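Enquirer: Here it is, the structure in full.
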Amino acid sequence: MKRNDLRAGNGGVPPTVESSTIEMTLNTHITRFRRLALLLPGAVESSHMNHPDFRLNNHIFATLSAQDKGCGVLKLTLDQQAAFVTDQPHIFSPVQGGWGRMGMTYIHLDRADESIMAGALKTAHQNLHQKQSQKKSLKKSPAKTARKATPARTPRRPLQ
């Protein structure tokens, strides 16, 4: 056995074919998630807390923060999350805790085919795009109501 065959983080034990295959497959799924996310209009890859994320106009719509678990994370509405989890519970699951209660949803990368992954990413991207479009239109529209001028108050007289 050559010295190069030993993994530094594996206690000197050579990698097995099975672990190498699993790692290679996971990397393939992560690469697919990344490629599909970056195909969306205006999407860019960035990083948050040392994890890759995908953004539209500097706002996150998906991350690979759970890639070590074999999952991507999508920012969905609560209704979308419920529908995805109900329809495909083997592919989608809510993130634990408060993040999941806000719509953050795991997509199990090894269980999702390309069309499901692309559709889920497109949904998260569209949510953010719609939200940003609404904010832009509110900023461009004239002020909703002008501040009403209030008459000057008359000075109060002391009680007698």
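Enquirer: Using the Cβ atoms and a cut-off under 9 Å, what net charge is assigned to the surroundings of Leu128, where Lys and Arg are +1 and Asp and Glu are -1?
Expert: Residues close to Leu128 contribute a combined charge of +3.
Enquirer: Compute the distance in nm between two label points, each set 7 Å from the Cα along the Cα-to-Cβ direction, one at Gln96 and one at Asp68.
Expert: 1.3
Enquirer: Here's a follow-up. Show me the ranking of peptides 101-114, 126-139 by mean Cβ neighbours inside 10 Å, starting with the highest.
Expert: Put in order of decreasing packing, that is 101-114, 126-139.
Enquirer: I've got another one for you. In whole Å, how far is the Cα centre of the range 41-57 from that of the range 77-134?
Expert: 16
Enquirer: May I ask you to order 62-70, 25-33 by the average number of other C-beta atoms within 10 Å around their residues, highest value first?
Expert: 62-70, 25-33
Enquirer: Between Arg35 and Ser137, what's the calculated FRET efficiency when r is the beta-carbon distance and R0 is 30 Å? Round to 0.05.
Expert: Result of the calculation: an efficiency of 0.40.
Just so you know, all these numbers are worked out from the coordinates, no wet-lab data involved. Given the structure is predicted, the values throughout are model-derived calculations rather than measurements. Positions of Cβ are backbone-derived with ideal geometry, glycine not excepted, and every protein chain shown enters the neighbour counts.
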